[in-house]
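For reference, the structure discussed in these notes is given below.
The values are calculated or read from the model by the stated rules, or taken from the named source; none is laboratory data. Just so it is clear, the model here is predicted, and its values are computed rather than measured. For neighbour counting, all protein chains shown are included, and Cβ atoms are generated from backbone atoms with ideal geometry for every residue, glycine included. The accessibility values were calculated without ligands, DNA or RNA, using every heavy atom of the protein model including side chains. Shrake-Rupley method; radii C 1.70, N 1.55, O 1.52, S 1.80 Å.
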Amino acid sequence: MSITANRVSAVAAGFDAARLSKDFPALNQLVHGKPLVYLDNAATSQKPRSVIDAITRFYEEDCSNIHRGVHLLSERATEAYEEVRLAVQQFIHAASPAEVIFVRGATEAINLVAQSYGRMHVQAGDAVLISAMEHHSNIVPWQILCEEKGAKLHVIPMNDRGELLLEEYEKLLTPETKLVAVAHVSNALGTINPVRQIIRMAHEHGIPVLVDGAQAVPHLQVDVQDLDCDFYAFSGHKMYGPTGIGILYGKQRLLEAMPPYQGGGDMISSVTFEKTTYNSLPHKFEAGTPDISGVIGLGAAIEYLTRIGLDNVAAHEHDLLAYATERISLLPGVRVIGTAQKKAAVLSFVLDGIHPHDIGTILDQEGIAVRTGHHCAQPVMQFFGIPATTRASFALYNTEAEVDALMRGITKVQEMFA
């Protein structure tokens, strides 16, 4: 389908990003006297009023600890908290709410799997397999595990477009490989990896797969049963929810066999000085007082996204990325980093002779918020032979007019360094 046809279909569906942006209080402000153009969504998204109100309402009306109280506030807080677990289950199409674990974010979810499942199954001489485009949060936990166990960390290579080489991946699926951990969408390149195929290939060798979905869930429909992934990790703050809350999905049989990640309250069934009996799923992995308000805010974010429709969001962002890629290709001295055939809403680039930090500083003066640096993906930067990129990342509330503002800002940067 052509870019024009996609635009028409998105418009026909009634998608109006400019109207939706009014749902987000932070977007309706001036930065250095200019209207804010927020293009740093891969780092964190802005929050709609409905999410902010849900958190405020919890603290004003229902503030109480959960699962432990018989008074009304505790009962209401517990009900709201567990209703969000059901909402997450439906959102990602998990088989059971017991497979939905609340954590602080995708980073903690990955660390949980590394320290619980990984410690059980990875031994000296074994290998963990990741890809060349992983975020540090899907590299460092496995390095820690491999160093502790005397195991090896193997890497699926990629090409110059930022696409994984599946024929090389196949060669790395050996009897020593005990787990594959791979990003659904690259935060630095925008590449949408063929995770269904990656999972199928690993399962043919009896190898489980963890998918880092932090950059996928805000942009794509995710069905964990259809993917058949063994674990799936994502964060609330990239999908219009609060910071400090995230989800680990795991197949129930795997989670039941795994030891707890942390000890404390609520993850126990009974405790004596001689022995502790652990709680059932999902509570076994939720020690201590959780981020109750964060969970409730996440529920409001899921409701907001569901109401708009992720298919509509994906179509809009696809159009926007295509438009931005087309526009930036017309500018001289620009190199786009990450040109995979299938991409999500990330446009990373470098300008000849200009450091990304200078680009970001000048764009900020124009009211344009982008991310500059290595994006917690230093191996990606090393692969492309660059220290950093400027990254514009789009969301459902961004518009073509904001892309035009970005292009004018880039032109101004180039003129200042000419």
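Considering only residues that are hydrophobic (A, V, I, L, M, F, W, C) and buried (at least 22 other Cβ atoms within 10 Å of the Cβ), look in the range 130-144 and name the one that is nearest to ASN111 (Cα to Cα).
Here the residue is TRP142.
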Q: Among the candidates VAL122, VAL31, single out the residue that is of a type in the set (A, V, I, L, M, F, W, C) and either without any contact (Cβ under 8 Å) to a residue 24 or more places away in the chain or touching a Gly at 6+ places or on another chain (Cβ under 9 Å) (or both).
A: VAL31
Q | Top-ranked residue in the range 249-264 [being free of Cβ contacts under 8 Å to residues at least 40 places away in the same chain and either among the polar types (S, T, N, Q) or on the phi > 0 side of the Ramachandran plot (or both); ranked as most open to solvent (accessible area, probe 1.4 Å)] | A | GLN262
Q: Might you check whether a residue that is among the small types (Gly, Ala, Ser), under 22 Å from MET239 (Cβ atoms), in contact with a Phe, Trp or Tyr (Cβ under 6 Å, 6 or more places away or on another chain) and not in a loop (DSSP other than H, G, I, E, B) occurs anywhere in the range 83-96?
A: no
(Q) Whether any residue in the range 336-348 is open to solvent by 70 Å² or more (accessible area, probe 1.4 Å), assigned to a strand (DSSP E or B), under 28 Å from PRO194 (Cβ atoms) and not acidic (Asp, Glu) is what I want to check. (A) no
Q.
Quick test for you: out of ALA54, ALA43, ALA18, pick the one residue that is open to solvent by less than 60 Å² (accessible area, probe 1.4 Å), of a type outside the set (Lys, Arg) and in a loop (DSSP other than H, G, I, E, B).
A. ALA43
Q. So how many residues does the range 231-254 have that are closer than 18 Å to GLU99 by Cβ, outside any loop (DSSP other than H, G, I, E, B) and within 9 Å of the chain's Cα centre (by Cα)?
A. 3
Q: Filter the range 349-393 for residues that are small (Gly, Ala, Ser) and in a strand (DSSP E or B) and give the result.
A: ALA369, GLY373, ALA392, SER393
Q: Name the residue, out of ALA109, ALA188, ALA114, that is among the small types (Gly, Ala, Ser) and either part of a loop (DSSP other than H, G, I, E, B) or under 26 Å from PHE384 (Cα atoms) (or both).
A: ALA188
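Quick check on the range 30-40: of everything there that is in a loop (DSSP other than H, G, I, E, B) and within 17 Å of ARG371 (Cα to Cα), which residue is farthest from the chain's Cα centre (by Cα)?
Restricting attention to the range 30-40, the residues satisfying the condition of being in a loop (DSSP other than H, G, I, E, B) are 32-33, 36, 39.
Then keep just the ones that are within 17 Å of ARG371 (Cα to Cα); that gives 36, 39.
Details: LEU36: 23, LEU39: 16 Å.
Here the residue is LEU36.
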Q. Given GLU75, GLU99, GLU108, which one is in contact with a helix residue (DSSP H, G or I) (Cβ under 6 Å, 6 or more places away or on another chain) and of a type in the set (Asp, Glu)?
A. GLU99
Q: Please work out if PRO218 is touching a Phe, Trp or Tyr at 6+ places or on another chain (Cβ under 9 Å) and either crowded, with 22+ Cβ neighbours inside 10 Å or not hydroxyl-bearing (Ser, Thr, Tyr) (or both).
A: yes
Q | Residues located in the range 265-296, provided they are open to solvent by less than 40 Å² (accessible area, probe 1.4 Å) and small (Gly, Ala, Ser) | A | GLY265, ALA287, GLY288, SER293, GLY294
**Q.** Hits in the range 370-380 - residues which are touching a residue at least 60 places away in the same chain (Cβ under 8 Å) and either more than 30 Å from HIS154 (Cβ to Cβ) or open to solvent by less than 10 Å² (accessible area, probe 1.4 Å) (or both)
**A.** VAL370, ALA377, VAL380
Q.
Looking at the range 117-129 only, could you name the residues that are surrounded by fewer than 24 Cβ atoms within 10 Å (Cβ to Cβ) and outside any loop (DSSP other than H, G, I, E, B)?
A. ARG119, MET120, HIS121, ALA127
Q. Looking only at the range 191-221, which residues are more than 19 Å from VAL380 (Cα to Cα), of a type outside the set (S, T, N, Q) and in a loop (DSSP other than H, G, I, E, B)?
A. GLU204, HIS205, GLY206, ILE207, PRO208, VAL217, PRO218, HIS219, LEU220
